[in-house]
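Asks: Here's a structure for you.
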Amino acid sequence: MASVEIHGVRKSFGTVEVVHGIDISVPDQSFTVLVGPSGCGKSTLLRMIAGLEEISEGEISIGGRVVNNVPPKQRDIAMVFQNYALYPHMKVFDNMAFSLKLAKVDPNTIESQVHKAASILNLEEYLDRFPRQLSGGQRQRVAMGRAIVRDPQVFLFDEPLSNLDAKLRVQMRTEIRELHQRLNSTSIYVTHDQIEAMTMADQIVVMRNGNIEQIGAPLDLYDYPQNIFVAGFIGSPAMNLIRGTLQRRGEATEIAINGDIVLPLPSDIAAAEGAPLYYGMRPEHWTLSSDTLGIPVDVAVVEPTGADTLVVCRFEGGELQASFSERHAFKPGQRIHLAPSLEGIHLFNAENEQRI
């Protein structure tokens with residue numbers, strides 16, 4: 001396998017630049033996920049790594065070799081697409097063997113490679129079937145099998161699970177991760193689903209509008225988002241963000257919301273009196289409090305999931321979410337009070353939206 005290095009990569013379509021000077025280091029044998037909203041440039045970047053899109057500026061290297069001008073078939077990568085891209089007139093065996101036959105690999109080697117991949121993916125009993133005779137999950141396994149038989153340096157996945165139902169997506173996430181661990185491969189995976197990113201990645205690259213917002217391990221991004229975008233994007237349900245103003249009263253440091261509601265802050269906050277801030281709190285870091293403590297909110301929707309109860313509340317004309325492991329019989333319209341955990345506070349500068 002091999003590492004992938006991306007330096008100063010830009011992509012323009014005509015006069016419109018859609019990727020703006022990206023720098024990413026993908027370590028050998030790592031599972032790196034590119035995540036972000038639709039249109040952020042993640043699939044375009046993946047296609048540039050694959051050689052399916054030309055690079056307008058910058059450099060991409062795979063295994064220490066610069067591949068800017070190397071054709072896709074010579075980059076020693078394998079790509080798994082969103083729509084499977086299987087040949088409908090070919091049986092599963094022939095779909096998986098196709099690239100090896102094109103490369104004029106010895107028939108005995110092809111037979112061995114296909115059966116080895118089929119064994120890994122539990123496809124042996126389906127080798128004599130056509131794609132139309134398979135479920136969506138089985139077709140995706142065939143697409144992965146076609147990539148495995150090539151024994152590439154790097155696997156590229158372009159939203160491979162987006163066409164599957166919710167239960168199958170969870171199952172396939174596990175299977176792809178187990179496959180990565182078994183093959184010790186280098187994998188780059190594109191998704192707009194941050195749950196996929198959190199559960200599968202060694203390293204997450206959060207993108208927005210053709211730029212990188214943050215790179216890091218899943219829990220590092222969850223616990224220490226660098227800006228408001230990452231704070232709101234990583235985590236489900238999303239982090240609550242409440243705008244207010246910093247104030248100091250004696251020994252106490254607080255954030256004032258519309259003048260009459262205050263929330264506690266650590267005393268060592270590096271911000272001046274009167275600074276506009278966003279107060280971030282994960283839903284699981286709220287606790288129920290008495291009427292004299294916490295902030296008053298009105299219950300709008302209660303979503304019991306079994307293990308947890310998510311409560312969507314109205315607060316200061318906006319929405320606030322709280323998650324409880326205990327079961328509560330809240331009713332819509334009920335007034336409750338929530339208190340924040342000091343350990344769970346995230347603060348952001350309201351002007352540049354960066355973490356304080």
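The values are calculated or read from the model by the stated rules, or taken from the named source; none is laboratory data. Bear in mind the structure is a predicted one, so any value in this text is a computation, not a measurement. As a convention, Cβ positions derive from the backbone with ideal geometry for all residues, glycine included, and neighbour counts pool all protein chains shown. What goes into the accessible areas is simple: the full protein's heavy atoms, side chains included, and nothing from ligands, DNA or RNA. Shrake-Rupley method; radii C 1.70, N 1.55, O 1.52, S 1.80 Å.
Asks: Hand me the GluC sites (Glu not before Pro) from segment 246-282 located in a DSSP loop with no more than 15 other Cβ atoms within 10 Å, in residue order please.
Replies: In loop regions of segment 246-282 (DSSP not H, G, I, E or B), the sparsely surrounded GluC sites (Glu not before Pro) are Glu251, Glu273.
Asks: Beyond 19 Å, what percent of the Cα pairs of segment 101-195 remain?
Replies: When every Cα pair of segment 101-195 is considered, 44 percent fall beyond 19 Å.
Asks: Please give the length that would be gained between Gln74 and Arg132 if that part of the chain were fully extended, namely 0.36 nm times their separation in residues minus their C-alpha to C-alpha distance (nm, one decimal).
Replies: Taking 0.36 nm per residue and subtracting the Cα distance, the gain is 17.8 nm.
Asks: Using only the Cα atoms of segment 80-150, what are the Rg and Dmax in Å?
Replies: 10.8, 31
Asks: Multiplying the sequence separation of Arg249 and Arg327 by 0.36 nm and subtracting their Cα-Cα distance, what value in nm do you get?
Replies: Contour length minus the Cα-Cα distance gives 24.4 nm.
Asks: Hey, another quick one. Please report, as a whole percent, how much of the solvent-accessible surface of the chain comes from carbon and sulfur atoms (probe radius 1.4 Å).
Replies: Roughly 47 percent of what the probe reaches on the chain is carbon or sulfur.
Asks: If we sort 122-130, 48-56 on the protection proxy, mean other Cβ atoms within 10 Å, highest first, what's the order?
Replies: Those peptides, ordered most packed to least, come out 48-56, 122-130.
Asks: So how much slack lies between Asp202 and His20, counting 0.36 nm per residue of separation and subtracting their Cα-Cα distance, in nm?
Replies: Taking 0.36 nm per residue and subtracting the Cα distance, the gain is 63.1 nm.
Asks: Taking only pairs that are 8 or more places apart or on different chains, how many Lys pairs in the chain have Cα atoms under 27 angstrom apart?
Replies: Final tally of qualifying lysine pairs is 15.
Asks: Oh, and also: Go from 0 up to the bin containing the longest alpha carbon distance in the chain, width 10 Å each, and give me the % of pairs per bin.
Replies: Bins of 10 Å from zero give 5, 21, 25, 21, 15, 9, 3, 1, 0 percent of pairs.
Asks: Follow-up question, since we're still on this one. Roughly what would the spin-label model give for Arg314 and Arg335, points 7 Å off Cα along C-beta, in nm?
Replies: So the label points at Arg314 and Arg335 sit 1.3 nm apart.
Asks: Within segment 1-35, find all residues whose amide N lies under 15 Å from a label point positioned 7 Å from the Cα of Asn184 along Cα-to-beta-carbon.
Replies: Taking a point 7 Å out along Cα→Cβ of Asn184, the residues of segment 1-35 whose backbone N falls under 15 Å are 1-3, 28-31.
Asks: Here's something else I'd like to know. Roughly how big is the chain's charge dipole about its Cα centre, with Cβ charges of +1 (Lys, Arg) and -1 (Asp, Glu), in debye to the nearest 20?
Replies: For this selection, approximately 1240 debye.
Asks: On to the next question. Roughly how large, in nm² to one decimal, is the mean projection of the convex hull of the alpha-carbon atoms in segment 109-151?
Replies: Its Cα hull, projected and averaged over all orientations, spans 2.8 nm².
Asks: Taking the simple approach of a point 7 Å from Cα along Cα-to-Cβ for both Ser61 and Ile356, what is their distance in nm?
Replies: 4.2
Asks: Which one of His192, Ile336, Gln226 is farthest out on the positive end of the charge dipole of the chain, using unit charges on Cβ (Lys, Arg +1; Asp, Glu -1) and the Cα centre as origin?
Replies: Towards the positive end, the residue furthest out is His192.
Asks: Still on this structure: Measure out, as a whole number of angstrom, how far apart the alpha-carbon centroids of segment 143-157 and segment 1-56 sit.
Replies: 19
Asks: Same structure again: Could you give the accessible area per residue of the chain, probe 1.4 Å, as a whole number in Å²?
Replies: 47
Asks: Moving to a separate point now. Sequence gap at least 6, Cα distance under 8 Å: using those rules, report the relative contact order of the chain to the nearest whole percent.
Replies: RCO, the chain: 15 percent.
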